[in-house]
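Please read the structure below before turning to the comments.
Derivation of every value follows stated rules applied to the coordinates shown; laboratory data play no part. In this text, all values refer to a predicted model and were calculated from it rather than measured experimentally. FYI the Cβ positions are ideal-geometry reconstructions off the backbone, even for glycines, and counts take in every protein chain you see.
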Amino acid sequence: MTTPAPITTQFDLAEKFPGTVSADARPGYAGWIVAPEKLTEVAIFIRDELGYDLLSSVTGVDYLAEGLMEIVYHVYKTSGGPALVFKAQLPRLDPVKVASLTPVWLGAELQEREIWDLYGIHFENHPDLRRILMWEGFDGHPMRKDWKEAFYDDEVKPFKSRWPEGKHAFAEDRSPFGDNVSFEAGFDPEKWTATDPEEALYATLKKYKTVVKDGIATDHILVNMGPQHPSTHGVFRAVVMLDGENVVSLKPVMGYLHRNHEKIGERNTFLQNMPYTDRLDYFNSMSNNWPYAMAVEKMMGIQVTERAEYIRVIMAELSRIQNHMILIGMLMNDLGAYFTPALYAFEERELILDIFEAASGSRMMCNYHRFGGVVRDVPAEALQKLKDLVFERLPGKIDEFDRLLSENEIFVSRLKGIGYLSPEDAIRTSMTGPMLRASGIPYDIRRADPYSVYDRFDFNVAVRYNGDLYDRYLIRIDEMRESIKILEQALRQMPEGPVMSVKPTYQVKVPAGEAYGRIESPKGELGFYVVSNGKPNPYRYHVRAPSFINLTSLEMTCVNEKIADFVAILGAVDIVLGELDR
Amino acid sequence: MTPNELNSPGYDIPDDMKNVVAITTLDKIYNFGRRSSVWPLMFGLACCAIEMIAAQASRYDLARFGMEVMRPSPRQSDLMLVAGTVTKKMLPAIVRLYNQMPEPKYVIAMGACASGGGPFKEGYNVVAGIDKYLPVDVYIPGCPPTPQALVYGLIKLQEKIDGQSLKQVRWYQKGADSVEVPIPMLGPDLIDPRRIPEIKTKAAELAAAATIPNAE
């Protein structure tokens, strides 16, 4: 019931730091509890002496009854192996304070900002502690257990107002303000003066200045790209300070699609969360279900049937292929080859979606995984189509992409040497997925910490060493080819049998404890941190979103590049807003 | 609309001129032009936007309806396809975009979220339906609607345009309805400027209710 492997095989931190570190002895929990005042010291030891160089996930948990706020850190070695989990427990006073770990792992930057925003935990010495998902000036820290949303009905679903008697009233009628808003008693909107929520943001960019160049006074200019901008793949926004065409500094601004997955997820029952995971990274709903199912299965201690494991692998690899195709198509859009390459990609995507639809009943939002397997078997007809696709069509189409684009002179000159990210920086900023592998670190969870049946397949971890945009493009082509290899093997090896190991129920019993499930999603490490207290609903449901954390390095890669290249750099990170903002 | 319907003059055209002259009403020719070249705003909020792109791609081919020209600038678009969850943080930008679109303009709420909040309705950062702020012409149900559903919704919009008359549409009335939708503000929570008095009264009531038990 621990995160990937039993913690006992690891270094005994409690022995090394007596009185500072103790093993987490709560039933169902694992890892180490670190005294908050010694957090930085222990973290440096873990990074430098034990070699856990990749900070994967930082999560806040509000244990209201115990009067504690907990921060959970999952760290990994890029050379592979299970996680080391350590936690800091903070008394739930006002304000809750803890040292920031950004000096140790820069990858904590955005995640700590998120925890500040949603839990109100103040990270001391954080370089830029502002709200990230909500706007500056929003009242309250919404993920706290004692914070209630305007349409609050009940602590947990199923809501008593709707079941079993079914006296449903519109949430608008219940809310005193007749809408999804809440204001504190006595609030007077006429006396309220609008403060510019952007002020703090602009202050973090390099100050406006005039420089004299070749006898000409040149101003820096501030450009807002987004949230409505054709190149930002949705409602992402970047504020860029420019010197002529060159980027001087850049800040990502997000939260424009923050639709409260985590708060809603904690009101939902375990199974009800499954369709919500579809809507995170809406290109890859098939692989989004998986880590969540994995985390809950770990807690329940159930196995997945052999055939279901193979189906999961097949569906995940198919979605990886279509994701990378769309990515390449959209990257070409960003570079100015408007829509033609994307049309090539969409053609293949439609064929893959047909298979998803036949298997799950829905094109995009598949809601296919269940705890213990998948909801239903793939129909024989669809399986035949799938085989035709994998053995006959897709390999040739990937070659076609390669042939049409990889040597294209304009394409190459726009990509080569642009947006360089060194391997050290990539690890420091917690990059995962193709971003990390294009910088020369062969870290792929399917190999580094194998899950499901990936240890049975013969495939290579795609890796490229230049760390520029061109490599980030090439690695996608490589990965699609490896996915085809996996698919071919999986289709040959797939056994007959049931697809569910347990009787399907709406209400699963999950014993108290915690679990972290993670997979190598097309965008990077997708992880779900789930805490159960034995009730029908998860006590904590956190998504470690690769799109979100991979943006930590955005400024680093964009500075000194041209503004037009920023568009391509962002495109190659492969963000999806549903997952980024959650 | 078939050419026959478009060319329905109610006058006798001499036989030798039948293939040369077409007579129609101003409404018909105007509506035909509008409905055959609806340019949507290139504007995707969430999951539904992907199905919108899929509808544009080769399999569903929106170009058949004259809608393939997606404009990233609101100044050049006729149709706002609200494709995805509207959040409070995004809402001021959406309303501003709508205000910037020249009339005639139409709004389609695509999917459950844009129509009424959908699965995310209870979320603290979610606006339960764009129709609380903008006038919606067509709602398309689904989560997300398939491209077929989107195409059907767009055909419904075309039917709506077909039924309009220059004399009656709001944007050609005297003292026209160029009143802009007031832009919501991001305060302690989302403040709709049209509802400020209501919010003030309610908040005062809440304050009064809170003080009474204390007094006892």
So the angle from the long Cα axis of helix B:196-215 to the longest Cα principal axis of chain B, reported in degrees to the nearest 10, equals 20
Work out the mean other chain Cβ neighbour count within 10 Å for the residues of A:133-142 and drop it here as an integer.
4
So for A:116, A:192, fewest C-beta neighbours within 10 Å to most, what's the order?
A:192, A:116
Which angle from 0 to 90°, rounded to the nearest 10, does the C-alpha axis of helix B:26-35 make with the longest principal axis of chain B?
60
If I take all pairs of Cα atoms in the stretch B:1-155, what percentage of them are more than 19 Å from each other?
57
Add -39500 (n - 2.57) for each DSSP H run of 4 or more in chain A, then divide by its residues: what number comes out at 222 nm, to the nearest 500 deg cm²/dmol?
-10500 deg cm²/dmol
Across the stretch B:52-121, how large is the tail of the calculated P(r) beyond 19 Å, expressed as a percent of all Cα pairs?
41
Cβ-based charge dipole, the stretch A:122-275, positive-most Cα from A:217, A:228, A:175
A:228
Lysines with Cα under 26 Å of residue A:562, excluding same-chain neighbours fewer than 8 positions away:
A:206, A:207, A:209, A:213, A:251, A:416, A:523
Where both residues lie in chain A, what percent of DSSP beta bridges are antiparallel, nearest 5?
90
So what does the Cα-only Debye profile of the protein assembly as shown read at q = 0.10 Å⁻¹, as log10 I(q)/I(0), no solvent term?
-1.11
If you place +1 on the Cβ of every Lys and Arg, -1 on the Cβ of every Asp and Glu, and leave all else neutral, what size is the dipole of the stretch A:263-324 about its Cα centre, to the nearest 20 Debye?
160
Tell me the Kirkwood hydrodynamic radius of the stretch A:368-506 in angstroms, computed as one over the mean inverse distance between distinct C-alpha pairs.
17.5
Can you sort A:366, B:113 from fewest to most other Cβ atoms within 10 Å of each residue's own Cβ?
A:366, B:113
One point scatterer per Cα, no solvent, Debye formula: log10 I(q)/I(0) for the stretch A:7-124 at q = 0.14, 0.15, 0.20, 0.24 Å⁻¹ comes out as -0.54, -0.63, -1.15, -1.61
Using Cα positions and a limit of under 21 Å, work out the lysines in reach of residue A:87, with same-chain residues fewer than 8 apart set aside.
A:16, A:38, A:77, A:97, A:145, A:298
If A:277, B:211, A:20 are placed from fewest to most neighbouring beta carbons inside 10 Å, the sequence is B:211, A:20, A:277
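Per residue of B:84-97, count partner chain C-beta atoms within 10 Å of its C-beta, then hand back the mean as an integer.
Mean partner shielding for this stretch: 6.
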Evaluate the charge dipole of the protein assembly as shown about its Cα centre and quote only its size in Debye, nearest 20, assuming +1 on the Cβ of each Lys and Arg and -1 on the Cβ of each Asp and Glu.
840
Nearest-ten-degree value, helix B:91-100 long axis tilted from longest Cα axis of chain B
30
Lys/Arg Cβ at +1, Asp/Glu Cβ at -1, dipole of the stretch A:259-415 taken about the Cα centre: which of A:283, A:345, A:408 is farthest positive-ward?
A:283
Find the centroid of the Cα atoms in the stretch A:536-582 and in the stretch A:172-235, then give the distance between the two in whole Å.
20
In whole angstrom, the spacing between the Cα centers of the stretch B:111-140 and the stretch A:45-72 equals 37
Taking trypsin sites (Lys or Arg not before Pro) as exposed when DSSP calls them loop (any state but H, G, I, E, B) and at most 16 other Cβ atoms lie within 10 Å, what is the longest stretch of chain B free of them, the sites themselves excluded?
B:60-166
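Dipole magnitude of the stretch A:66-150 about its Cα centre, charges +1 at Lys/Arg Cβ and -1 at Asp/Glu Cβ only, in debye to the nearest 20? Provide the component values of the computation, followed by the final result.
Numbers: 10 positive and 13 negative charges, 51 e Å.
Here the size comes out at about 240 debye.
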Total Lys pairs in chain B closer than 17 Å by alpha-carbon, pairs eight or more apart in sequence or interchain only?
11
